[in-house]
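The next block holds one structure in the form of structure tokens; read it before the comments.
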Amino acid sequence: MSITILGIESSCDDTSAAVIRDGLLLSNVIASQKVHEEFGGVVPELASRAHQQNIVPVVDTAIKRAGIDKSELDAIAFTRGPGLLGSLLVGTSFAKGMSLGLRIPMVDVNHLHGHVLSHFIRKDAADKVPEYPFLCLLISGGNSQLILVRDFNDMEVLGQTIDDAAGEAFDKCAKVMGLPYPGGPHIDRLAAEGNAEKFKFAKPHIAGLDYSFSGLKTSFLYTLRDALRNDPEFIENNRADLAASLQKTIIDILLDKLHKAVKATGVKTVAIGGGVSANSGVRKAVADYCERHNLTAFIPERSFTTDNAAMVAIAGYYKYLSKDFCPYDAAPFARVTV
Ligand code: KG4
């Protein structure tokens, strides 16, 4: 008997719905909210209003594109947290209503589990998925974590950022360079044409497997401040080199702890996930690292790096198989760890 799951994601500024049948992706629809661009960051109240407008057409389109009828759904998986509370409330309430209406169970999904499990989304039955245990480097605008994944429901955070996330380092440095929000993709684009050795920025000395990115941010700022005193055009004249040097420093910091975690755990498989895993430099560095160390690398398709409901549906699929359902009084969580 086949199992068909609808996934709903509404934790931040993307409204998304996806349908997965027996682990195979049938549809994945994402409506990104443009309303935040002029504010240079996500405005929570505007985000929840946009989710309310988007959720019905997005879910409807996902079901239609999957070529199924809603009566064929076995369960509804939704992101319960972490994220913006108002945004999460929209997805949670919608999932409750639809689950009651269709008389099918609900499955709550931890957004971070979704990112980790995005490697199990298959478009084709022949697509490869990671073998447990594996190490996942989860890097996004809000998180930088090294997670040991023993099973779909058994994850241990071995290290995480003690201050800024990797995505924040990209975005905040990009902002002082005058680039639009979010700056990560702009740094990525500029870095491709720059000299990564031109500028040296501070790297943290943190014991264990934890990350820190705030020192790098400060060092980047001081470099700009000092240089701008002599050359008001400094940023314009060095855009690509600044971006390349910043990106290289972030990658070095990420890879340093990744290597330590690989040695400490002895895993044979490494995966990356989260918005920053869309970065060309990060993807290449992790792939090269794995090749040098005889490890299997799982680099997600770019559309699965940022927030999407396909990852919610796949995480929900595994929970559904273990009959781990969610009660109707479940409230969303703004903060929750892996
Ligand atoms: O996972 P995600 O979509 O959601 C949040 O955690 O909010 O990650 C968003 C982050 C942002 O910081 C964005 O700048 C970063 O991912 N990002 C990138 C790239 N694409 C997205 N950073 C560097 N290079 C990219 N190509």
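The values are calculated or read from the model by the stated rules, or taken from the named source; none is laboratory data. Keep in mind the model is a prediction, meaning the values are calculated, not measured. Backbone-built Cβ (ideal geometry, glycine too); neighbour counts: all protein chains shown. The protein model used for the area step is the full one, side chains on, heavy atoms only, and it has no ligands, DNA or RNA in it. Shrake-Rupley method; radii C 1.70, N 1.55, O 1.52, S 1.80 Å.
Listed conditions (1) under 20 Å from residue 143 (Cα atoms); (2) in a helix (DSSP H, G or I) are all met by residue 209, apart from (2). Just the residues that are on the phi < 0 side of the Ramachandran plot and open to solvent by less than 60 Å² (accessible area, probe 1.4 Å), please, taken from the stretch 17-34. The answer is 17, 18, 19, 20, 24, 25, 27, 28, 29, 31, 33.
Every residue in the stretch 281-312 that is within 15 Å of the chain's Cα centre (by Cα) and either surrounded by fewer than 17 Cβ atoms within 10 Å (Cβ to Cβ) or part of a helix (DSSP H, G or I) (or both), please. Answer for the stretch 281-312, where residues must be within 15 Å of the chain's Cα centre (by Cα) and either surrounded by fewer than 17 Cβ atoms within 10 Å (Cβ to Cβ) or part of a helix (DSSP H, G or I) (or both): 282, 283, 301, 302, 303, 304, 309, 310, 311, 312. Within the stretch 163-180, residues that are at positive phi sit with their Cβ atoms under 7 Å from residues that are of a type in the set (A, V, I, L, M, F, W, C) and assigned to a helix (DSSP H, G or I), at 6+ positions apart or across chains, in these pairs: 178/235. Hey, does the stretch 107-120 have a residue that's among the aromatic types (Phe, Trp, Tyr), assigned to a helix (DSSP H, G or I) and surrounded by fewer than 23 Cβ atoms within 10 Å (Cβ to Cβ)? So far as the stretch 107-120 goes, yes, one or more of its residues are among the aromatic types (Phe, Trp, Tyr), assigned to a helix (DSSP H, G or I) and surrounded by fewer than 23 Cβ atoms within 10 Å (Cβ to Cβ).
Of all residues in the stretch 180-192, those satisfying the criterion of being open to solvent by 30 Å² or more (accessible area, probe 1.4 Å) and of a type outside the set (D, E, K, R) are 180, 181, 182, 185, 186, 192.
Can residue 159 be described as within 16 Å of the ligand (Cβ to nearest atom), of a type in the set (Gly, Ala, Ser) and surrounded by 18 or more Cβ atoms within 10 Å (Cβ to Cβ)?
Details: within 16 Å of the ligand (Cβ to nearest atom): no; of a type in the set (Gly, Ala, Ser): yes; surrounded by 18 or more Cβ atoms within 10 Å (Cβ to Cβ): yes.
When the stated conditions are applied, residue 159 does not pass them.
Residues checked against (1) modelled with pLDDT under 95; (2) within 19 Å of the chain's Cα centre (by Cα); (3) not small (Gly, Ala, Ser):
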residue: 15; (1), (2), (3): no, yes, yes
residue: 18; (1), (2), (3): no, yes, no
residue: 36; (1), (2), (3): yes, yes, yes
residue: 70; (1), (2), (3): no, no, yes
residue: 80; (1), (2), (3): no, yes, yes
residue: 103; (1), (2), (3): no, no, yes
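Residues of the stretch 162-179 that are open to solvent by less than 10 Å² (accessible area, probe 1.4 Å), near the ligand (Cβ under 8 Å from one of its atoms) and outside any loop (DSSP other than H, G, I, E, B): 166, 167, 170, 174.
Would you point out the residue of the stretch 35-65, among those that are of a type in the set (Val, Ile, Thr) and in a helix (DSSP H, G or I), that is most open to solvent (accessible area, probe 1.4 Å)?
By that ranking, first place goes to 56.
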